[in-house]
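Engineer: First, the structure itself, so that you have it in front of you.
The values are calculated or read from the model by the stated rules, or taken from the named source; none is laboratory data. A quick note: this is a predicted structure, and the numbers were derived from the prediction, not measured. Methodologically, a virtual Cβ is constructed for each residue, glycine included, from the backbone with ideal geometry; neighbour enumeration extends over all protein chains shown. Please note that ligands, DNA and RNA were not included when accessible areas were found on the heavy atoms of the full protein model with its side chains. Shrake-Rupley method; radii C 1.70, N 1.55, O 1.52, S 1.80 Å.
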Amino acid sequence: MPDPGSSPPQPSLPAAAARFGDHVPTHAAGVLPTTPSVPRPAAAREPSPALERILRGPSGLGTAGLHLALPPELPASSASSASSAPSMPPEPSEPPAAEAPADALHIPGLYYHPVPEPDPARVEEVSRRIKDWAVDEVELFPDEWEGQFDGFSVGRYMVACHPDAPTIDHLMIATRLMVAENAVDDCYCEDHGGSPVGLGGRLLLAHTALDPLHAPQEYQPQWAKSLHEDAPRRAYRSAMEYFVRQSTASQADRFRHDMARLHLGYLAEGAWAQTDHTPEVWEYLAMRQFNNFRPCPTITDTIGGYELPADLHAQPAMQRVLALAGNASTIVNDLYSYTKELASPGRHLNLPVVIAEREGVSDQDAYLKAIEVHNDLMRDFEAEAAALAASCAVPSVLRFLRGVAVWVDGNHYWHQTNTYRYSLPDFW
């Protein structure tokens, strides 16, 4: 259970997101319970106004009615491949309550949904396979990085984010891509040899492992050879080859587009690092809308073994849902990685750091303001997903919205429970 200073346990979103109602309720129709007052430990500081505000809990549109539901007239069906009809796994009428592990990190006032512990047998098998792939197939890291690779716990991460994956092979699609994306981030942008200097050229060449070069035959062999020249490109090339075998052409094109968005965000952050520029808060949020987790939940249908048709994915309402999901998930990363980034060499931009500098508030109040930003994004995501489910109650849309919601919760779960990587500031 969360400690007395944490948010109250929220209903499990894998169950809640499966039951969006026929309409989006007004505040009166679904009022969130407020967070109980927090007992003050001995010698604790007086809470700031910002802390008191977030501990009162969210207000506005309640989440009691923000549930995905299969309309009674839409029967469920099974799916086993990307080309089959979307299945709607049955949901229990009273889903079992999920709680965060006792040793997990707890950010007071953060709005999230606990999820069940991921299937340990799947976690073990995915963890074994991904390490074999990283070591034997793509030679991803030197021996001295092995502990960091293991500590990333990517198997537990992906099993938590994709509980509806029909097979281990489906889970491995997401797992390879996640590891490859992090290799590019670490080795090109961050503290495993990364630098903003020359970043654009490195990212462009790496992107051709996802979106192949079409050049005269004279130059094709040189390009193909280049895809094996460093670990990030080897990882991208291999992970994408596995992905296109499982996905449809439309799903693969969608993923390439979202990865281009990601790389554009990397470039903006790198440019600001080169000029030592601190963006305005809204500018930072714009950068994070591109440099974020969006490529991960956007493939939830491929990993689930079905396809959300391209015209339904392209709806502006669906694009807004995906943007909000990616933004909320990425601010979660800012919050949990805050102390890790402060302890790392160089200056790292994250939302609390930008708020503190641009709005002239203390580090504590900036962090608490960032929690509020996250909570606003989460509530907007849930409200927009509920509205879309009500207006477009197509089975593939409903299942996709459910999958995105489950991914958002699984992403939070991984951050909250990965105490190897993360710790929290002493702001409470």
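Engineer: At a threshold of 8 angstrom on Cα-Cα distance, excluding pairs fewer than six apart, so keeping six or more, what relative contact order does the range 240-346 reach in percent?
Structural biologist: With pairs under 8 Å counted, the relative contact order is 30 percent.
Engineer: So what are the three principal axis dimensions of the range 233-366 from its Cα atoms, in whole Å, longest to shortest?
Structural biologist: Sorted largest first, the three principal extents are 48, 35, 24 Å.
Engineer: Where does each of Arg358, Arg129 land when they are ordered by accessible area, with a 1.4 Å probe and the largest first?
Structural biologist: Arg358, Arg129
Engineer: Here's another thing I want to ask about it. Could you tally the net charge around Ala366, taking each other residue with its Cβ under 12 Å from the Cβ of Ala366, Lys/Arg +1 and Asp/Glu -1?
Structural biologist: -4
Engineer: Could you look at the range 354-420 and say what percent of its accessible area is carbon and sulfur, using a 1.4 Å probe and all protein chains?
Structural biologist: Roughly 46 percent, rounded to a whole number.
Engineer: What does the charge count around Ala231 come to, taking other residues whose C-beta lies under 10 Å from its C-beta (Lys +1, Arg +1, Asp -1, Glu -1)?
Structural biologist: -2
Engineer: In the range 196-244, carbon and sulfur make up what percent of the accessible area (probe 1.4 Å)? Working shown, then result.
Structural biologist: Numbers: 1580 of 2550 Å².
The C+S portion of the solvent-accessible surface of the range 196-244 is 62 percent.
Engineer: Using the eigenvalues of the Cα gyration tensor, what equivalent ellipsoid semi-axes result for the range 102-241 when each is taken as the square root of five times the eigenvalue, whole Å, largest first?
Structural biologist: 31, 18, 15
Engineer: Suppose all protein chains stay in the model; what accessible area per residue would a 1.4 Å probe give for the range 312-364, in Å²?
Structural biologist: For the range 312-364, the solvent-accessible area averages 37 Å² per residue.
Engineer: Averaged per residue, what accessible area in Å² does the range 175-263 show with a 1.4 Å probe, protein chains only?
Structural biologist: Ligands and nucleic acids excluded, the result is 44 Å² per residue.
Engineer: When we measure straight from the Cα of Lys369, which lysines land under 23 angstrom away, once same-chain ones fewer than 8 places off are left out?
Structural biologist: Straight-line reach from Lys369, under 23 Å: Lys340.
Engineer: Which whole-number percent is the relative contact order of the range 296-428 (Cα, under 8 Å, 6+ apart)?
Structural biologist: Reported as a whole number, the value is 40 percent.
Engineer: Now, a different point. Carbon and sulfur atoms: what percent of the 1.4 Å accessible area of the range 266-316 do they account for?
Structural biologist: 60 percent
Engineer: Now for a separate question. Determine the sum of side-chain charges near Leu267: Lys and Arg each +1, Asp and Glu each -1, restricted to other residues whose C-beta is under 13 angstrom from that of Leu267.
Structural biologist: Surrounding charge for Leu267 is 0.
Engineer: Suppose a student asked you for the relative contact order of the range 154-302, using Cα pairs under 8 Å spaced at least 6 residues apart; what percent would you report?
Structural biologist: 26 percent
Engineer: Students often forget the sequence filter, so: which lysines lie under 29 Å Cα-Cα from Lys225 once same-chain residues fewer than 8 apart are removed?
Structural biologist: By straight Cα distance, Lys225 reaches Lys131.
Engineer: Hey, can you grab everything whose amide H is under 5 Å from the amide H of Tyr422? Only 5+ residues off in sequence or another chain; H modelled, so Pro and N-termini drop out.
Structural biologist: none
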